[in-house]
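The values are calculated or read from the model by the stated rules, or taken from the named source; none is laboratory data. This one's a predicted model, so the numbers in the text were calculated from it and none came from an experiment. Cβ placement follows ideal geometry from the backbone for every residue including glycine, while neighbour counts extend to all protein chains displayed. Remember, those area values only see protein heavy atoms, side chains included, never the ligands or the DNA or RNA. Shrake-Rupley method; radii C 1.70, N 1.55, O 1.52, S 1.80 Å.
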Amino acid sequence: MDCGKSTLALQIEHNRSARGLQGMIFTRNDRAGEGKLSSRLGLVTEAVEAGDGFDFHAHLVRHLTAGGRTDYVIADEAQFLTPQQIDQLARVVDDLGIDVFAFGITTDFRTRLFPGSQRLIELADRVEVLQVEALCWCGARATHNARTVGGRMVVEGAQVVVGDVGQPAGELGYEVLCRRHHRRRLTAATARAGALSPDVLPVG
């Protein structure tokens, strides 16, 4: 979260469509609602919503058989896909010769791999960490997603609960943290309520 993955997905779509290529965009559980791929920068485009029973390979075969054209596929929020759907995306590459660009986060708010992300790592031709680093409130590189309620970190609940960063106080949201502060359950809101840790130097 906050690393620019959806922005990059939209940039890839723009670059390829500007060169006359035709792509198909898929997403799941986007913050902007069903059938949308959105960036926190305010960019939004239409997408195909890929629910649990959706079959990527069959969908593209039907499209191509009907005379459609697809030069590439973009799949955002890939962490929410099932392992079987990731297998289908691999078949799209191998059997149909279509490039697939999948974007997602690896771990949930408990630091456990999403099943879709795990399968994607197992099958991907290439895995890249985005160059835009999300930052923890302390300024260190943020590597973990914390689920928050009223600004306080929670560690129990369903793996998938759609929310966003920067939610108003009292609402469920997410905050990116460095590993140290994720382990300490120290969000920006709770950090302002007390001392950061015993090893913080006093300010004279």
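Residues of the stretch 39-57 being in contact (Cβ under 8 Å) with a residue 24 or more places away in the chain and either open to solvent by 50 Å² or more (accessible area, probe 1.4 Å) or in a loop (DSSP other than H, G, I, E, B) (or both), which ones?
Matches in the stretch 39-57: Ser39, Arg40, Leu41, Leu43, Ala47, Ala50, Asp52, Phe54, Asp55.
List every residue pair whose Cβ atoms lie under 8 Å apart, where the two residues are 6 or more positions apart in sequence or sit on different chains, the first residue falls within the stretch 81-94 and is small (Gly, Ala, Ser), and the second residue, located anywhere, is assigned to a helix (DSSP H, G or I).
Ala90/Leu123
Which residues, taken from the stretch 90-117, are open to solvent by 40 Å² or more (accessible area, probe 1.4 Å) and in contact with a His (Cβ under 9 Å, 6 or more places away or on another chain)?
Arg91, Asp95, Leu96, Thr111
Evaluate the following for Val129: is it hydrophobic (A, V, I, L, M, F, W, C), free of Cβ contacts under 8 Å to residues at least 60 places away in the same chain and out of contact with any helix residue (DSSP H, G or I) (no Cβ under 7 Å at 6 or more places or on another chain)?
Yes, satisfied.
Tell me whether the stretch 9-27 contains one or more residues that are modelled with pLDDT under 95, in contact with a strand residue (DSSP E or B) (Cβ under 6 Å, 6 or more places away or on another chain), outside any helix (DSSP H, G or I) and surrounded by fewer than 16 Cβ atoms within 10 Å (Cβ to Cβ).
Within the stretch 9-27 (the criterion being modelled with pLDDT under 95, in contact with a strand residue (DSSP E or B) (Cβ under 6 Å, 6 or more places away or on another chain), outside any helix (DSSP H, G or I) and surrounded by fewer than 16 Cβ atoms within 10 Å (Cβ to Cβ)), the answer is no, since none of the residues qualifies.
In this structure, is Leu172 at pLDDT below 90, open to solvent by 40 Å² or more (accessible area, probe 1.4 Å) and either within 17 Å of His144 (Cβ to Cβ) or within 22 Å of the chain's Cα centre (by Cα) (or both)?
yes
Out of the stretch 58-89, which residues are outside any loop (DSSP other than H, G, I, E, B) and surrounded by fewer than 19 Cβ atoms within 10 Å (Cβ to Cβ)?
Ala58, His59, Val61, Arg62, His63, Leu64, Thr65, Tyr72, Pro83, Gln84, Asp87
Can you name every residue in the stretch 99-152 that is farther than 20 Å from Val176 by Cα and part of a strand (DSSP E or B)?
Asp99, Val100, Phe101, Ala102
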